[in-house]
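K.L.:
One structure coming up, written as structure tokens, with questions to follow.
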Amino acid sequence: MNILLIGSGGREHSIALSLSKSESTEKIYCTPGNPGIANLSEIVELNISSHIDVSTFCKLKNIDLVVIGPEQPLAEGLSDYLRTSNINVFGPSQFAAQLETSKDFAKSIMFKYNIPTAFYRTFDLSQYDDAHQYIDLHSLPIVLKADGLAAGKGVIIAESHSEAHEALNIIFNGEFGNAGSKVVIEEFMQGEEASVFAICDGTNYFILPSAQDHKRIFEGDLGKNTGGMGAYSPAPIVDIELMQKVENQIIKPLLNGMMNEGHPYIGCLYCGLMIKDNNPKVVEFNARFGDPETQVVLPLLEGDFAKLLYSASISDLDLYAVRIAQNKYSVCVVLASNGYPDKFEKGFEINGISEAEKDGAIIFQAGTKLNNGKIVTSGGRVLGVTSIGSSLEDAVSKAYNAVEKIEFSNKYYRNDIAHKALK
Ligand code: AMP
Ligand code: GLY
């Protein structure tokens, strides 16, 4: 198979690695890619907002499958355009991707199909006064969410009513642009978070190992929200019984619901869960693989990942294309630029990647670029250092050993990845 992969982060590096190890993969092209992905594929320059350009490239190179990594091309309807051009795509339609691109849409689907989630109400700008009144009647804390895509910044958990009023004004005043023309106000859910990804073909699904992300910048889950500072898989809190609840109460009704709406869901369904008393509720859906979770989940798969995604794309899911490695655990520590998620310097040379790899670690590149033949930092999250072990402890210790081998100026990372699960 010839595959076109779209994206440039650690998530796409991990997808590229799994595709490159698949028997059915002949050649991988990637756009825009990064220096790590360049070792596994041919990097091509394409304007992915120009759907006709992408489609023309696919015809020219006999592309059998397009894999879309990030949410933005899904929101722009790239999957729909390619499908009408008879090109197979792993990634949901623009309509189905609203599960991620509109919090209000996701909540309305969840309530319509009885999927457990926090109680909520949605207000638009014309309901400004009603929204403020609703806040006054709401118990604390109150969760406010800009409806649309806001790069992970559109969620505010207000501990007081005055903070909630202020947050509402910030969203309505255009801080998140069009994404804030509607606001979802919802109940705060207690519990522990985990994520579960399902590879879906519209009707059937294959569940990948569960994972936990570390969203905050500082140890002990303190400080600002980030894209994710590390992850581990599987998450002990998602045991067999809980996974059955996730399937029966969330994934099956969601797939049936989307089919019923006339928009079958084809792609990776990311279920962000809050777990309390062994019961899952949905915090959010994403219409794509999570990052950095993908950097721990995919290395635990054996078999032909490309075949899995291809079979999903043609709505004929091959449940035997991959297997989940037994008794293996993986941990990813993100190496970031000091200052991230705010201001940070970049352009520093990175050393030690091959030394860390010699010890068995997998180094996924995210915020890197080539400068005169050297790999330098170019983003907030620079590398994902993943190690596999026979226990979570083993994987943690291997990952931190590898972290020590990699050097660049202003390197920052959390020292407590997966510690919650070790307690
Ligand atoms: P979201 O973008 O909807 O996933 O929200 C970002 C983060 O905010 C989540 O990962 C949770 O940590 C937190 N969060 C969102 N909604 C809620 C809620 N209703 N109750 C508690 N925490 C929440
Ligand atoms: N790790 C969170 C996300 O991918 O949205």
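K.L.:
For Lys153, state whether it is in a strand (DSSP E or B), at pLDDT below 95 and either within 16 Å of ligand 1 (Cβ to nearest atom) or within 30 Å of Asn248 (Cβ to Cβ) (or both).
P.N.:
Considered against the rule, which asks whether it is in a strand (DSSP E or B), at pLDDT below 95 and either within 16 Å of ligand 1 (Cβ to nearest atom) or within 30 Å of Asn248 (Cβ to Cβ) (or both), Lys153 comes out as no.
K.L.:
Residues that are crowded, with 24+ Cβ neighbours inside 10 Å and away from ligand 1 (no atom under 16 Å from the Cβ), at least 2 per element: which strands (runs of 3 or more DSSP E) completely within region 235-334 meet that?
P.N.:
So the answer is 266-276.
K.L.:
Also, quick follow-up: Of all strands (runs of 3 or more DSSP E) completely enclosed by region 338-405, which ones contain at least 3 residues that are farther than 19 Å from Lys328 by Cβ?
P.N.:
In region 338-405, the matching strands (runs of 3 or more DSSP E) lie at 368-371, 374-377, 381-389.
To keep it simple, each residue is scored yes or no on (1) of a type in the set (S, T, N, Q); (2) buried (at least 22 other Cβ atoms within 10 Å of the Cβ).
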site: Glu76; (1), (2): no, no
site: Ser79; (1), (2): yes, yes
site: Leu82; (1), (2): no, yes
site: Ser85; (1), (2): yes, no
site: Phe90; (1), (2): no, yes
site: Gln98; (1), (2): yes, yes
site: Phe105; (1), (2): no, no
site: Met110; (1), (2): no, yes
site: Asn114; (1), (2): yes, no
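K.L.:
If the requirement is being β-branched (Val, Ile, Thr) and either over 12 Å from the mean Cα position of the chain (by Cα) or modelled with pLDDT under 95 (or both), which of these qualifies: Val322, Val297?
P.N.:
Matching residue, one of Val322, Val297: Val322.
K.L.:
Out of everything in region 179-230 that is away from ligand 2 (no atom under 16 Å from the Cβ) and charged (D, E, K, R), what residue ends up being farthest from Asn248 (Cα to Cα)?
P.N.:
So, considering only residues that are away from ligand 2 (no atom under 16 Å from the Cβ) and charged (D, E, K, R), the one farthest from Asn248 (Cα to Cα) is Glu219.
K.L.:
Check off (1) over 30 Å from Val382 (Cα atoms); (2) crowded, with 18+ Cβ neighbours inside 10 Å for His51 and give me the number that stays unchecked.
P.N.:
It fails just one condition, (1).
K.L.:
Taking region 165-218 as the region of interest, how many residues are assigned to a helix (DSSP H, G or I), of a type in the set (Gly, Ala, Ser) and more than 15 Å from ligand 1 (Cβ to nearest atom)?
P.N.:
Number satisfying all stated conditions: 1.
K.L.:
Only residues that are touching a His at 6+ places or on another chain (Cβ under 9 Å) and under 24 Å from Ser24 (Cα atoms): list them for region 56-85, please.
P.N.:
Leu82, Ser85 - these are the residues of region 56-85 that are touching a His at 6+ places or on another chain (Cβ under 9 Å) and under 24 Å from Ser24 (Cα atoms).
The values are calculated or read from the model by the stated rules, or taken from the named source; none is laboratory data. Note that the structure is predicted; figures quoted are calculated from it, not measured. Quick reminder, even Gly has a Cβ in these numbers, built from the backbone with ideal geometry, and neighbours come from all protein chains shown.
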